[in-house]
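First the structure, in the form of structure tokens, and then the observations on it.
Please treat every number below as a calculation from the coordinates, not as lab data. Here the structure is a predicted model, which is why all the values come from computation and not from measurement. Here the Cβ is made from the backbone with ideal geometry for all residues, glycine too, and neighbour counts use every protein chain on show.
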Amino acid sequence: MIKARGLARRFTTKFGPVDAVRGVDIDVAEGELVGFLGPNGAGKSTTLRMLTTLLQPTAGEAIIAGRDLLTDPAGVRKNIGYVGQKNGGGVDQRVGDELEFQARFYGLSRSEARRKAADLLERFDLQGMEKRVIITLSGGQQRRLDIAMGMLHDPRLLFLDEPSTALDPQSRRNLWDHIKQLKADGVTVFLTTHYLDEADFLSDRLLVIDHGAIVGEGSPDELKHRVSGDLVVLGTPQAAIVATKFENAVVDGEKVSFRIPNGDRALPQLLKDLDAIGVELHSVQVHRPTLDDVFLTMTGRSLREDANAA
Ligand SMILES: Nc1ncnc2c1ncn2[C@@H]1O[C@H](COP(=O)(O)OP(=O)(O)OP(=O)(O)O)[C@@H](O)[C@H]1O
């Protein structure tokens, strides 16, 4: 669905050139839900704007939904949906009017537009809201309406830019369910996010971008396994002795922690070995690595801190 090679964008500013995206390769198969994860300023929006024809790349090429980005941008536009960070349509319009107006814009007849609007309102849990003025909808309802508008022409590939920004936790979960449903309906989804929980929950596969370059790729679980291993924390009065057995072990009073691959599977043998050398244990915990551990290992920075600072 997406095959991009060496896609790059340099901005010229009065302070000199800014290489926002430095030659990225992106492959997305039909039916995948791919998360594009990175901190603020990493180059997510710039990449997305290039993939959706809104911004001309300074180098590289791409085939999007079967069309050539450089030679057939109109063809790309016809075959994709794009939901930006601030869509909203005409905020002083009524929900139903706006959907029908946009549907007519895509060439649907009046009756087809009405049918399509009703269908999308139901699909995105907005039944009965036709007559509401858009600005009176809740944040979550407005986001769902934005996505409904992006789906008016039944694109097989949908781009979502930071879909759940500024939503409360309950609305975010609800929106995520709708995004998962799109995938279940066969739509290929490519979304940008700087939220670890969103990337983890939604993505079949993640592309991690930092400073305009892709620094990691894989399913959330693959990335977590590959980079950090599981964190094992043992409570024992002999913490210092246990620490000598593991590389990178950290002792904190009567606690010792260290990382090992597949901690849950390794643990039974490990406990037997410790017992054999007379180590007395009070508690045992295994923590699976988080995507933040992954990001920290890849870039030396915590994405959580970046996200909190945003
Ligand atoms: N029009 C522009 N002119 C100059 N620099 C730009 C322009 N647009 C983006 N940049 C710079 O390019 C880099 C990447 O920006 P981009 O908006 O793609 O990041 P992002 O990952 O989407 O961040 P955010 O999550 O904040 O939207 C940043 O350093 C940004 O300041």
*Between segment 238-310 and segment 37-103, how many Å separate their Cα centres?*
43 Å
*Any lysines with Cα under 30 Å of the K245 Cα? List them, leaving off those in the same chain fewer than 8 positions away.*
K224, K255, K272
*Taking amide H positions as placed in the peptide plane 1.01 Å from N, state which residues far from R132 in sequence (5 or more) or on other chains have amide H under 5 Å from it.*
V95, G96
_What does the charge count around E112 come to, taking other residues whose C-beta lies under 10 Å from its C-beta (Lys +1, Arg +1, Asp -1, Glu -1)?_
+4
_Give me, ordered by chain and number, the residues 5 or more places off R205 or on other chains with an amide H under 5 Å from its own placed amide H._
L33, G35
*asked:* In 5 Å bins starting at zero, report the fraction of Cα pairs in segment 2-224 per bin as a rounded %.
replied: 1, 7, 15, 18, 19, 16, 12, 8, 4, 1, 0
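Using 1/(1 + (r/R0)^6) with R0 = 35 angstrom and r between the beta carbons of E217 and D125, what's the FRET efficiency to the nearest 0.05? Please list the in-between numbers first.
Numbers: r = 33 Å, r/R0 = 0.95.
After rounding, the FRET efficiency stands at 0.60.
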_Modelled FRET efficiency - R0 51 Å, F105 with D19, Cβ distances, 0.05 increments_ = 0.90
_Full-stretch length increase - V250, I63 - with 0.36 nm per residue and alpha-carbon distance subtracted_ = 62.4 nm
*From phi via Karplus (6.51, -1.76, 1.60), per-residue ³J(HN,Hα) for segment 22-35 in Hz, x at Gly/Pro*: 10, x, 9, 9, 9, 10, 10, 7, 4, x, 7, 10, 10, x
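When the helix-only estimate is applied to the chain (DSSP H runs of n ≥ 4, each -39,500 (n - 2.57), divided by the residue count), what is the mean residue ellipticity at 222 nm, nearest 500 deg cm²/dmol? It would help to have the intermediate numbers written out before the result.
Numbers: 12 runs with 118 residues, N = 310.
Value at 222 nm, helices only, nearest 500: -11000 deg cm²/dmol.
How much net charge surrounds V18 when only other residues with a Cβ under 12 Å from its Cβ are counted (Lys, Arg +1; Asp, Glu -1)?
Taking every Cβ under 12 Å from that of V18, the sum is +3.
Pairs of Cα atoms under 8 Å, at least six residues apart: use those to get the relative contact order of segment 229-288, whole percent. Present the calculation step by step, with values, prior to reporting the outcome.
Details: 98 pairs, mean separation 29.7, N = 60.
Contact order relative to length: 49 percent.
Normalised by the residues of segment 2-224, what does the relative contact order come to in percent, with Cα pairs under 8 Å and at least six apart? Could you put the intermediate results ahead of the total?
On the way: 420 pairs, mean separation 63.6, N = 223.
With pairs under 8 Å counted, the relative contact order is 29 percent.
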